[in-house]
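Here the structure comes first, spelled out in C-alpha cells, and everything after it is commentary.
The values are calculated or read from the model by the stated rules, or taken from the named source; none is laboratory data. Keep in mind the model is a prediction, meaning the values are calculated, not measured. Quick reminder, even Gly has a Cβ in these numbers, built from the backbone with ideal geometry, and neighbours come from all protein chains shown.
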Amino acid sequence: MSLVTKTFTQGSLRRAEYDTSSRQLDLHFDGGRVLAYKAVPEEVFRRLSSAPNPATYWEDRVAEEYPKATPRSGGKPSGPTLHDLFGDPPGGN
C-alpha cells in the first residue's frame, strides 16, 4: 500500500488520502466526517489536490462518478448513526 496525503487549509474538505495500490480515495471533512470512494484514477486525486476549491471539485468530479467505499481510517460515518437518531438505549448502556 502506498498512501499519498494532501492537507487543505481552506474550505470544508480538510484532508484527502489516496491509496495508489487500491485506488481508494478517502476524504476527511470538518467535523470528522469521512467519505471514501473506490476505483478512483490517480489523475483525479492529482486534480483534486491542485484544484482552487477542492470541495467543489469533489462535488463535480468525484461524488457521483465513483462507487462509495468503507473509509480506511477512523472518522464519523457519512450519515447519522443509530445513536444520533435514537440516543442511549433504555437502561443506560
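Taking the options ALA39, ALA16, ALA55, name whichever one is at pLDDT 95 or above, among the aliphatic types (A, V, I, L, M) and assigned to a loop (DSSP other than H, G, I, E, B). Steps first, answer last, please.
On the way: ALA16 fails: assigned to a loop (DSSP other than H, G, I, E, B); ALA55 fails: assigned to a loop (DSSP other than H, G, I, E, B).
Exactly one of ALA39, ALA16, ALA55 is at pLDDT 95 or above, among the aliphatic types (A, V, I, L, M) and assigned to a loop (DSSP other than H, G, I, E, B), namely ALA39.
Can you tell me which residue is nearest to THR5 (Cα to Cα) among those in region 15-24 that are touching a Ser or Thr at 6+ places or on another chain (Cβ under 7 Å) and surrounded by fewer than 18 Cβ atoms within 10 Å (Cβ to Cβ)?
ARG15
Hey, could you check region 25-45 for residues that are under 18 Å from ASP60 (Cα atoms) and touching a residue at least 40 places away in the same chain (Cβ under 8 Å) and say which is surrounded by the most Cβ atoms within 10 Å (Cβ to Cβ)?
First pass over region 25-45, keeping only residues under 18 Å from ASP60 (Cα atoms): 25-29, 34-45.
Checking the rest, the ones that are also touching a residue at least 40 places away in the same chain (Cβ under 8 Å) come to 25-26, 28, 34-35, 45.
Numbers: LEU25: 25, ASP26: 21, HIS28: 23, VAL34: 20, LEU35: 19, PHE45: 20.
That would be LEU25.
Quick one: in region 5-14, which of the residues that are surrounded by 15 or more Cβ atoms within 10 Å (Cβ to Cβ) and touching a Lys or Arg at 6+ places or on another chain (Cβ under 8 Å) is nearest to TYR66 (Cα to Cα)?
Only one residue fits best here, namely LYS6.
Has region 73-84 got at least one residue that is at pLDDT 65 or above, part of a helix (DSSP H, G or I) and either over 20 Å from SER2 (Cα atoms) or among the hydroxyl-bearing types (Ser, Thr, Tyr) (or both)? Lay out the reasoning, then the answer.
Step one: filter region 73-84 for residues at pLDDT 65 or above, giving 73.
Checking the rest, the ones that are also part of a helix (DSSP H, G or I) come to none.
Within region 73-84 (the criterion being at pLDDT 65 or above, part of a helix (DSSP H, G or I) and either over 20 Å from SER2 (Cα atoms) or among the hydroxyl-bearing types (Ser, Thr, Tyr) (or both)), the answer is no, since none of the residues qualifies.
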